[in-house]
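J.: Sharing a structure, written as structure tokens. Questions coming.
The values are calculated or read from the model by the stated rules, or taken from the named source; none is laboratory data. Since we're looking at a predicted model, the values are computed, not measured. A quick note on method: Cβ atoms are made from the backbone with ideal geometry, for glycine too, and the neighbour counts reach across all protein chains shown.
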Amino acid sequence: MTWLLIALALALLLLALLLRRRRGRARATAPRRAPMPEVLVRDVAPIPTLAPSERAASLDDRLASSRGIFDRVRGLGASGSLSEAELEIVEEVLLRSDVGVVTTTALLDDLRANGAPNGVAAAVRGVLEASFVAERSVRDYADADRVPVWLFVGVNGVGKTTTIGKLAWRNTNEGRKVVLAAGDTFRAAAADQLERWATRTGADIVRAAEGADPGSVIHDALGRAHARGADLVLADTAGRRANSTNLLDELAKIRRVADRAPGQVVETFMVLDATTGQNALSQAKEFLAAAAVTGIVLTKLDGTARGGIVVAIERELGIPVKFVGIGEQAADLIPFDPADFVQSLLG
């Protein structure tokens, strides 16, 4: 009996020592908690303001980067014939600005054949202006008892949702009742961002849970717009990958849904980022067949020196650029005017 008590006491003592050692190890390895900083975020990304700036910048100011590339062309004078060195300057400027090989080649051939009696800048201006021949009016009406729909397509990151918000601001300011359809259900942030724009602009919005069927969101938005007598539906779509067959099939399906009564697709806008240059053309070609694009919205034109991409897009795709983004404010998404654009580059 005595031995049994001694063994039990030793076992309890050993257990106590083990528990004490474990507690000591836990205290030794537990990380020290850092003090909470007073300010968590110092630099907050600006939200586009709905009010116009005190001083509206000119298009020349906003396109300063692209305009700077054309300084060398403006410096070339009038000439009956151009030297190879002068032609090389023109070629380099046009290619650097992403005007494209087709337009550049056509212009060089013209300069070799006819020279530049009114100045090289005037010759370049004439060729660029001649590249913009497409009709660029924007349709905002539908057939009787139908609701007009603007459908927006494009890969993630090009500014598609922001573009929808800015166009909602423009249309509500013009007195239209607008419904936003948050059809990009694969990216929760897109619906949240669109809802903030709806709140700020006074537009209505239809959204669903993340991962919901985009077609059903568009369908519900059309029903609400028709019931409430709305003038326009702006419909967002997913844009994960431009080369995804599933995505392109989904876009084709969404367009069919949006074009059924009571809706009618009157514009399909492809949103492209001007800062990506020729990559924007590659993206566009993937979407054209699936989405039946009627117009291009080119964002961030003020942030690139490759503004000539506008010319390449119209010449190679045959689709008009209808809006361009030239700043952060809501009012900085403007209808594209070819004459003003070329004048800003070469005037």
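J.: May I ask you to list the residues in segment 72-104 that are more than 23 Å from the chain's Cα centre (by Cα), at pLDDT 90 or above and within 27 Å of Asp332 (Cβ to Cβ)?
T.: Residues satisfying the conditions are Val93, Leu94.
J.: Same structure again: Here are some conditions: (1) touching a residue at least 24 places away in the same chain (Cβ under 8 Å); (2) assigned to a strand (DSSP E or B); (3) surrounded by fewer than 18 Cβ atoms within 10 Å (Cβ to Cβ). Glu316 meets all but one. Which one does it not meet?
T.: So the condition that Glu316 fails would be (2).
Here is a yes/no grid of residues against (1) of a type in the set (D, E, K, R); (2) more than 29 Å from Asn173 (Cα to Cα); (3) out of contact with any helix residue (DSSP H, G or I) (no Cβ under 6 Å at 6 or more places or on another chain):
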{"site": "Arg256", "(1), (2), (3)": "yes, yes, yes"}
{"site": "Asp259", "(1), (2), (3)": "yes, no, yes"}
{"site": "Gly263", "(1), (2), (3)": "no, no, no"}
{"site": "Val266", "(1), (2), (3)": "no, no, yes"}
{"site": "Thr294", "(1), (2), (3)": "no, no, yes"}
{"site": "Leu298", "(1), (2), (3)": "no, no, no"}
{"site": "Gly327", "(1), (2), (3)": "no, no, no"}
{"site": "Asp337", "(1), (2), (3)": "yes, no, yes"}
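J.: Got a sec? Which of Arg240, Arg256, Arg224 is surrounded by fewer than 19 Cβ atoms within 10 Å (Cβ to Cβ) and at pLDDT 95 or above?
T.: That would be Arg224, the only listed residue that is surrounded by fewer than 19 Cβ atoms within 10 Å (Cβ to Cβ) and at pLDDT 95 or above.
Condition check ((1) over 30 Å from Gly327 (Cα atoms); (2) of a type outside the set (Ser, Thr, Tyr); (3) surrounded by fewer than 24 Cβ atoms within 10 Å (Cβ to Cβ)) across all residues:
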| residue | (1), (2), (3) |
| --- | --- |
| Arg207 | no, yes, yes |
| Arg228 | yes, yes, yes |
| Val233 | no, yes, no |
| Pro262 | yes, yes, yes |
| Met270 | no, yes, no |
| Thr276 | no, no, yes |
| Leu281 | no, yes, yes |
| Ala284 | no, yes, yes |
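J.: Of the residues Thr161, Thr185, which is farther than 23 Å from Lys322 by Cα and hydroxyl-bearing (Ser, Thr, Tyr)?
T.: Thr185
J.: Please determine, by comparing only the residues of segment 145-170 that are part of a strand (DSSP E or B) and β-branched (Val, Ile, Thr), which one is modelled with the lowest pLDDT.
T.: Val153
J.: Specify the residue that is farthest from the chain's Cα centre (by Cα); the eligible residues are those in segment 171-190 that are assigned to a helix (DSSP H, G or I) and either in contact (Cβ under 8 Å) with a residue 40 or more places away in the chain or not assigned by TED's automatic domain parsing to the domain that holds Leu232 (or both).
T.: Filtering first and then ranking leaves Asn171.
J.: Here's something else I'd like to know. Of the residues that sit in segment 277-309 and are outside any helix (DSSP H, G or I) and of a type in the set (S, T, N, Q), which one is modelled with the lowest pLDDT?
T.: Thr304
J.: I would also like to ask the following. Just need a number here: residues in segment 102-153 that are under 30 Å from Arg228 (Cα atoms) and free of Cβ contacts under 8 Å to residues at least 40 places away in the same chain.
T.: Adding up the residues that qualify gives 2.
J.: Taking Ala198 and the conditions (1) assigned to a helix (DSSP H, G or I); (2) surrounded by fewer than 15 Cβ atoms within 10 Å (Cβ to Cβ); (3) modelled with pLDDT of 95 or more; (4) small (Gly, Ala, Ser), which numbered condition does it fall short on, given that it satisfies the others?
T.: (2)
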